[in-house]
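J.: Supplied in structure tokens, the structure appears directly below.
The values are calculated or read from the model by the stated rules, or taken from the named source; none is laboratory data. Computed from a predicted structure; not experimentally measured. Here the Cβ positions follow ideal geometry from the backbone for every residue, glycine too, while neighbour counts run over all protein chains shown.
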């Protein structure tokens with residue numbers, strides 16, 4: 001039930017959902033003009049690249065440099081591969097590219113990929129088989145098959161941590177490297193710390209831009225910024241919910 005409700009909440013937290021709700025109110029309200037001005041201003045703000053980037057700068061985990069070697073690197077799945085024949089990388093493919101580089105440098109010895117089960121009976125079907133495909137890609141890139149482990153039952157970040165603990169129980173006294181998207185790292189790290197892991201986080205898929213924003217970024221609205229803001233809002237809401245439920 002928690003999993004289904006979280007997906008419904010994802011929809012309700014979409015900025016475009018708010019825009020449509022405000023337009024609906026504007027149509028039936030006697031304050032039509034005022035509501036349209038508010039809606040237009042909100043849309044302009046949420047599609048502004050500079051504003052959205054400031055939000056990411058404030059929330060995303062910072063990039064780090066690892067200074068020791070580790071036995072385990074835990075990779076959180078989600079969006080690394082797309083469905084279909086062959087191997088089509090997704091938007092968060094950096095989640096397995098960065099661990100691959102760590103492995104090649106000898107910084108980590110073993111990779112554990114957790115997650116991939118996002119099916120909701122009657123509501124959502126996912127045939128990506130993400131974890132298996134990522135494993136095959138990593139093997140093709142030179143990672144030894146015996147150094148890759150899969151955990152494919154987890155449906156959310158809490159279950160990622162719980163199921164990883166079952167697999168790595170003997171290693172709880174050792175530090176692990178945790179890899180996920182920089183935006184998702186605060187919640188993920190909190191979940192793993194809650195389960196008793198000693199975590200060094202290594203954010204991937206960094207979306208923030210820490211260089212100077214040009215004039216066009218500051219004044220021209222873009223639809224992709226609405227998507228980026230929606231992802232960030234859902235992530236922050238998810239962290240708050242996890243905290244309230246004792247998962248993080």
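J.: What do you reckon, is residue 161 within 21 Å of residue 235 (Cβ to Cβ), touching a helix residue (DSSP H, G or I) at 6+ places or on another chain (Cβ under 6 Å) and modelled with pLDDT of 90 or more? Explain how you work it out, then say what you get.
T.: Details: within 21 Å of residue 235 (Cβ to Cβ): yes; touching a helix residue (DSSP H, G or I) at 6+ places or on another chain (Cβ under 6 Å): yes; modelled with pLDDT of 90 or more: yes.
Spelling it out, residue 161 is indeed within 21 Å of residue 235 (Cβ to Cβ), touching a helix residue (DSSP H, G or I) at 6+ places or on another chain (Cβ under 6 Å) and modelled with pLDDT of 90 or more.
J.: Given the criteria in contact with a strand residue (DSSP E or B) (Cβ under 9 Å, 6 or more places away or on another chain), closer than 21 Å to residue 107 by Cα and assigned to a loop (DSSP other than H, G, I, E, B), does residue 177 qualify? Before the answer, list the steps.
T.: On the way: in contact with a strand residue (DSSP E or B) (Cβ under 9 Å, 6 or more places away or on another chain): yes; closer than 21 Å to residue 107 by Cα: yes; assigned to a loop (DSSP other than H, G, I, E, B): no.
Considered against the rule, which asks whether it is in contact with a strand residue (DSSP E or B) (Cβ under 9 Å, 6 or more places away or on another chain), closer than 21 Å to residue 107 by Cα and assigned to a loop (DSSP other than H, G, I, E, B), residue 177 comes out as no.
Residue-by-condition table, conditions (1) closer than 26 Å to residue 17 by Cβ; (2) touching a strand residue (DSSP E or B) at 6+ places or on another chain (Cβ under 8 Å); (3) in the same structural domain as residue 81 (by TED's automatic domain parsing):
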position: 160; (1), (2), (3): no, yes, yes
position: 173; (1), (2), (3): no, yes, yes
position: 194; (1), (2), (3): no, no, yes
position: 213; (1), (2), (3): no, no, no
position: 225; (1), (2), (3): yes, yes, no
position: 233; (1), (2), (3): yes, no, no
position: 240; (1), (2), (3): yes, no, no
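J.: Just checking, which of 64, 118 is modelled with pLDDT under 95, out of contact with any strand residue (DSSP E or B) (no Cβ under 6 Å at 6 or more places or on another chain), within 29 Å of residue 173 (Cβ to Cβ) and not in a strand (DSSP E or B)? Working first, answer last.
T.: Details: 118 fails: within 29 Å of residue 173 (Cβ to Cβ).
Matching residue, one of 64, 118: 64.
J.: Something else now. Restricting to the stretch 197-240, what's the tally of residues that are part of a helix (DSSP H, G or I) and at pLDDT below 90?
T.: Taking the stretch 197-240 first, the residues part of a helix (DSSP H, G or I) are 215-219, 223-240.
Adding the requirement that they be at pLDDT below 90 leaves 215-219, 223.
Summing the residues that are part of a helix (DSSP H, G or I) and at pLDDT below 90 in the stretch 197-240 gives 6.
J.: Quick one: what pairs do we get from the stretch 11-27, first residue closer than 10 Å to residue 230 by Cα, second modelled with pLDDT of 80 or more and surrounded by 12 or more Cβ atoms within 10 Å (Cβ to Cβ), C-beta under 6 Å, 6+ apart or different chains?
T.: Correct list of pairs: 13/233; 13/234; 13/237; 14/230; 15/46; 15/226; 15/229; 15/230.
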